[in-house]
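All remarks here apply to the structure that follows.
The values are calculated or read from the model by the stated rules, or taken from the named source; none is laboratory data. Everything numeric here is computed off the predicted structure, so don't read it as measured data. Cβ placement follows ideal geometry from the backbone for every residue including glycine, while neighbour counts extend to all protein chains displayed.
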Amino acid sequence: MRSQARGAALVELLESATGGASGDRRSLARLLSLAEQGEASGRELARLTYARSSSAYSVGLTGAPGAGKSTLTSGLITEARRETGDPVAILAVDPTSPLSGGAILGDRVRMQDHALDRCVFIRSMATRGHHGGLAAAVPDALRLLDATGWPLVLVETVGVGQVEVEVAASCDTVVVVLNPGWGDAVQANKAGLLEVADILVINKADRPGVRETKRDLVHMLQLSHQLEWVPPIIETVASSGDGIGDLWRAIGSHRVHLEAAGGLERRRTSRIVDETERLATSCFAQAVTKELRHEGSELLADLATRSIDPGEAADHVIASVATRFAQPSPPASPAGGSGDEAARHRGS
Ligand SMILES: Nc1nc2c(ncn2[C@@H]2O[C@H](COP(=O)(O)OP(=O)(O)O)[C@@H](O)[C@H]2O)c(=O)[nH]1
Ligand SMILES: [Mg+2]
């Protein structure tokens, strides 16, 4: 019953949020919060939007803090609005903060130019307790924006941590933003950024060292085994707008390339499999932790007295978790309540 009522309320919210720029923003914001939190409503929402989404295109921008991502994003919004006339949604993602603020607040200031444009929707996302973290919440949010009529979504991350790279890599086109200067390209390579890059941007090209950075990048790209698509290197001065048009066109070319070769579908399918794997793995890992470490755990006691070795204990844990997952879920568990992993996994 509860879950039926929840479903009906979600459908109502979805309907009022749908319509892109003419949809209700407050409904959309509420839905995004649910997607961010995960839990039962978030899962139900994910189920509703999954079937309705497949047409929006997403572009992820990643790079060190201060590289100029927000300024570039703002320029891309202008370009996209002028070139397509379509509405544009922006997700500013900060895995380091449990609350929106700090760096993201600065980003909003840099995107202020678009504050009055009804066709631009900017939303920050921080870590909020979604099962599997932000890396899992962002794809849900992307599908929600897709299903509610936002054909282009730009995703800006705050830095270049593992989660941020994962988030950016969950987009159709990944833009890696670097600055000129000694070692930036090398650092990016170390952080695994070049592996996920579809487009490389040397922003702040008004500063010295552009040629050297470009040379480093070309060299590193030659060493990697990208055959189908060699990431173009675009020079930009985001603060003056120089090169933003080139970046916009490079994004378009990459999209055409993906769509022509059937690569977009392949890429999306492989991402969805990755996402599923991440969700299942994190769900299972949590269940294992709970099973092993609960108070009064016999296994812990047996391990302490050395009457069982870790390998055997692991087998026991896996077997009992598997049994719990195999049990039918109860008819209605309270949202995020009892903590029954198996039931929650099925989204009851
Ligand atoms: N000189 C110069 N400064 C820039 C350029 N692009 C951005 N900035 C400045 O760099 C700072 C950080 O930019 P921001 O977009 O917030 O970077 P983010 O942290 O990657 O989002 C701001 O003060 C921008 O005005 C550029 O191309 N050249
Ligand atoms: Mg920023």
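Determine whether His225 is assigned by TED's automatic domain parsing to the domain that holds Ser170, of a type outside the set (Val, Ile, Thr) and outside any helix (DSSP H, G or I).
Here the answer is yes, as His225 does meet what is asked.
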*With the condition kept exactly as written, say whether any residue in segment 150-168 is more than 17 Å from the chain's Cα centre (by Cα) and either in the same structural domain as Asp94 (by TED's automatic domain parsing) or closer than 19 Å to Arg268 by Cβ (or both).*
no
_Odd one out for Pro180, checked against (1) within 21 Å of the chain's Cα centre (by Cα); (2) not in a helix (DSSP H, G or I)_ = (1)
*Quick one: Ala205 ticks every box in (1) in a loop (DSSP other than H, G, I, E, B); (2) in contact with a Phe, Trp or Tyr (Cβ under 7 Å, 6 or more places away or on another chain); (3) not hydroxyl-bearing (Ser, Thr, Tyr) except a single one, so which number is it?*
(2)
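Table: residues versus (1) closer than 28 Å to Ser54 by Cβ; (2) surrounded by fewer than 18 Cβ atoms within 10 Å (Cβ to Cβ); (3) modelled with pLDDT of 80 or more; (4) among the aliphatic types (A, V, I, L, M).
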| position | (1), (2), (3), (4) |
| --- | --- |
| Asp86 | yes, yes, yes, no |
| Ala89 | yes, no, yes, yes |
| Val93 | yes, no, yes, yes |
| Gly101 | no, yes, no, no |
| Val109 | no, yes, no, yes |
| Val120 | yes, no, yes, yes |
| Met125 | yes, no, yes, yes |
| His131 | yes, no, no, no |
| Ala136 | yes, no, yes, yes |
*State which residue pairs qualify: first residue of a type in the set (Ser, Thr, Tyr) and inside segment 149-161, second residue at pLDDT 85 or above and more than 12 Å from ligand 2 (Cβ to nearest atom) in any location, beta carbons under 7 Å apart, and separation of 6 or more residues or different chains.*
Thr157/Val167; Thr157/Ala168
*What number of residues in segment 263-313 are part of a loop (DSSP other than H, G, I, E, B) and within 20 Å of Gln162 (Cα to Cα)?*
0
_segment 77-95 - residue that is closer than 19 Å to Ala141 by Cβ and acidic (Asp, Glu) and, of those, nearest to ligand 1 (Cβ to nearest atom)_ = Asp94
*asked:* I want to confirm something. Restricting to segment 210-220 and keeping residues that are touching a helix residue (DSSP H, G or I) at 6+ places or on another chain (Cβ under 7 Å) and of a type outside the set (Asp, Glu), which single residue is surrounded by the fewest Cβ atoms within 10 Å (Cβ to Cβ)?
replied: Met220
*asked:* For segment 263-296, which positions are among the acidic types (Asp, Glu), more than 20 Å from Asp315 (Cβ to Cβ) and surrounded by 15 or more Cβ atoms within 10 Å (Cβ to Cβ)?
replied: Asp274, Glu275
*Would you check which residues across segment 230-262 are hydrophobic (A, V, I, L, M, F, W, C), surrounded by 15 or more Cβ atoms within 10 Å (Cβ to Cβ) and either in contact (Cβ under 8 Å) with a residue 60 or more places away in the chain or not in a helix (DSSP H, G or I) (or both) and list them?*
Ile233, Ile234, Val237, Ala238, Ile244, Leu247, Trp248, Ile251, Leu258
